[in-house]
Structures are given as structure tokens and as C-alpha cells.
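Right, one structure below, let's go through it.
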Amino acid sequence: MKRIDHKEIYSDGKSYDALNVFDTDVPFYSKLIAKYGQPILELACGTGRITVPIAKKGFEIVGIDISEAMINEAKEKAAEAKQDIEFIEADIRDFELNQKFSVIFLPFNSICHLHDFESIASCFSCVKKHLKPDGRFVIDVFKPDFKILLRDKNKRYECADYKNPYADNHVKLTETNWYNEADQINQVKWYFEIGEKEIEQDLNMRMFYPQELDNYLRFAGFEIEEKFGDYNGSIFTSDSSKQIIISGMRNNK
Ligand SMILES: C[S@@+](CC[C@H](N)C(=O)[O-])C[C@H]1O[C@@H](n2cnc3c(N)ncnc32)[C@H](O)[C@@H]1O
């Protein structure tokens, strides 16, 4: 299994939240949980961007993430919101919680951190161990976009401009990328411009093509029930930017 290579990018929960200010996926997961039940397990829960609002709706949810900094931020937010959520520092490729869940989800492109087959297979095998026989496993990941992957690697592209959580100024984020077609990893470099300073960080994202991802799931023993192209529940098509897959365990329902 490949080593984790994103320690830096997830070393500061407050900056992550300042960059990722959106919650358009929360109603989607809430509806799903109302339909399929609880408890729920969020894989790669980060700062609890989804976990905390789901708990606030009265659902029992557990979050696991490999980054201590992200988990600490999640715990802080849960305490502020007076929510009793179990956050566990663990690798989604190798965990044992002694509990089964009705819904397990791997949201917001986190699967892109599983770079090789062993990582994907180990994660899916852990999911199977923790899913109730009639439970659902949900993955949300963008569809690879060739216009982005095949951009000029020497050119910087604007990415975001957001409020600095530590000072009264803004952070300007630009990026370069080079897509390795052999291992399907998009090697992104982020440049954070903060006042006079510039900080560089690497973000390596494995791309998952639609048929490939469906077949990884089938190979691991899952059956795909629905595949959406957005959080409104539109059917996944060639024009969709996202792949949102709802699957259950084959022969177990
Ligand atoms: C894009 S963030 C998503 C966080 C959160 N789910 C959200 O939607 O905002 C990806 C998260 O995956 C976590 N992560 C990456 N690889 C992991 C692994 N092998 N095991 C557990 N967490 C992992 C990172 O620490 C980071 O918090």
C-alpha cells in the first residue's frame, strides 16, 4: 500500500474550513440517512464539515480521519455545537470499530487519496466488515475533467480567494498540475499567497473513471443501486461533474 503523502495539506483544520465553506452535500446525506437509517460512519470526516450538521439533526454518527489536526478541529466544533460525536483517528484502509453501520459514506473526493489498488481494496474490505447486511455505502467523487488534467503544467491557474482565519487579510490560492496518465494521479501544487508570503503544498489526487470505479465496487462485492450526477439526485450522465454512488452488499439483502 502506498504511504500517506498529504500530511501538510491537512495539517490545519481552521484553514481547511476557511477554504471549504459550503454545505450543499449535507441535505443529500440527511435524506439518505432518513431513508436508510443509523448509525452512520463518515470515512475521512476531516473537520466534521458534514459530521457535525448531521449530528445536529439528531442522527448518531461516528467520524474517522487519519489527520490529528483535522480530528481536533472536528472535536472542537462538536463541543461548540454541544454534540456528542465519536471522532476516531484512524486510516480508512485499516480500521476496526466493533460496530456495524446502516450508512457508511466517503464524501467530497476523499477517495482520491487512495492511490493504489491495495489501498482501495483494503478500504472497501473494511467498509464491508462495518456495514449492516442491508446497509448502504456511498461514495462522492468528481468525474475526471480532461480540460483540467491536461492543462499546461507551467501555467498557474486561479483556484480560490478566502478569508485568512488567523489574520485580517485574504489568502489567494493558485495551482499548477501535471497529470500522470500511467498511475492516474493528478499532481497538484498549491501556492498560498498570504500577504508577502507564499507557501507551497503538494496535493496528489488519484482519478477515478466512471466504469473503473463502478467495477472496483463490484469486484469488492458491492452492488450499485443508484448513481447520481449531483446532490439533487439527477442520473449520472456524460455531462455530470460528480459521481455519487449508492451501493449495498451483494447477496446480503
Ligand atoms: C477533502 S477532505 C474531506 C473532509 C470532510 N469529509 C469534508 O467533506 O469536508 C479529505 C480528508 O481525508 C482524510 N484522509 C486522507 N487519507 C486518509 C486515510 N487513508 N485515512 C483516513 N483519512 C484520510 C484527510 O485527512 C482529510 O481530512
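The values are calculated or read from the model by the stated rules, or taken from the named source; none is laboratory data. Note that this is a predicted model, so its numbers are computed, not measured. Don't worry about glycine lacking a Cβ; one is built from the backbone with ideal geometry, like all the others, and counts go over all protein chains shown. When the accessible area is computed, the model is the full protein with side chains, heavy atoms only, and any ligands, DNA or RNA have been set aside. Shrake-Rupley method; radii C 1.70, N 1.55, O 1.52, S 1.80 Å.
What the table shows:
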| read-out | value |
| --- | --- |
| Share of Cα-Cα pairs in the range 1-70 lying beyond 22 Å, as whole percent | 27 percent |
| Rounded to whole Å, sorted largest first: equivalent-ellipsoid semi-axes of the range 92-214, Cα gyration tensor | 33, 20, 12 |
| Long-range HN-HN contacts of SER234 with modeled amide H, under 5 Å | GLY229 |
| Cα-based convex hull, the range 60-139, per residue volume (Å³, whole number) | 96 Å³ |
| Interchain or long-range residues, amide H under 5 Å from ARG136's placed H | VAL103, ILE104 |
| The chain: most fluctuating residue of ILE111, ILE120, ILE194 per GNM, C-alpha cutoff 10 Å | ILE194 |
| Residue-level accessible surface for THR47, protein heavy atoms, 1.4 Å, Å² | 0 Å² |
| Top of ASP65, ASP168, ASP140 by mean-square fluctuation, Gaussian network on the chain, Cα under 10 Å | ASP168 |
| 18 Å Cα-Cα threshold exceeded, pairs from LYS57/LYS132; LYS2/LYS227; LYS35/LYS57; LYS56/LYS82; LYS77/LYS129; LYS100/LYS129 | LYS57/LYS132; LYS2/LYS227; LYS77/LYS129 |
| Extension gain (nm, one decimal) between GLU86 and GLU68, 0.36 nm per residue minus Cα-Cα | 5.1 nm |
| Point-to-point label distance, ILE224-CYS159, nm (Cα→Cβ direction, 7 Å offset) | 2.9 nm |
| Taking the convex hull of Cα positions in the range 199-253, its mean projected area over all directions (nm²) | 5.7 nm² |
| Probe 1.4 Å, accessible area per residue of the range 146-206, Å² | 65 Å² |
| Sparsely packed trypsin sites (Lys or Arg not before Pro) within the range 1-81, loop by DSSP, other Cβ within 10 Å at most 16 | LYS2, ARG3, LYS7, LYS57 |
| Lysines whose Cα lies under 19 Å from that of LYS197, excluding same-chain neighbours fewer than 8 positions away | LYS14, LYS163, LYS172, LYS189 |
| Intensity falloff of the range 1-117 expressed as log10 I(q)/I(0), Debye formula with alpha-carbon point scatterers, at q = 0.16, 0.24 Å⁻¹ | -0.73, -1.59 |
| Spatially proximal aspartates and glutamates relative to LYS153 (Cα-Cα < 16 Å; intrachain offsets below 8 disregarded) | ASP145, GLU175, GLU181, GLU200, ASP202 |
| Computed over the range 146-206, Kirkwood Rh from alpha-carbon pairs, angstrom | 12.5 Å |
| GNM flexibility winner over the chain from GLY46, GLY233, GLY221 (Cα, springs under 10 Å) | GLY233 |
| Over the chain: Rg over Rh, Cα atoms, Kirkwood Rh | 0.95 |
| Spatial separation of Cα centroids for the range 57-112 and the range 142-216, in angstrom | 25 Å |
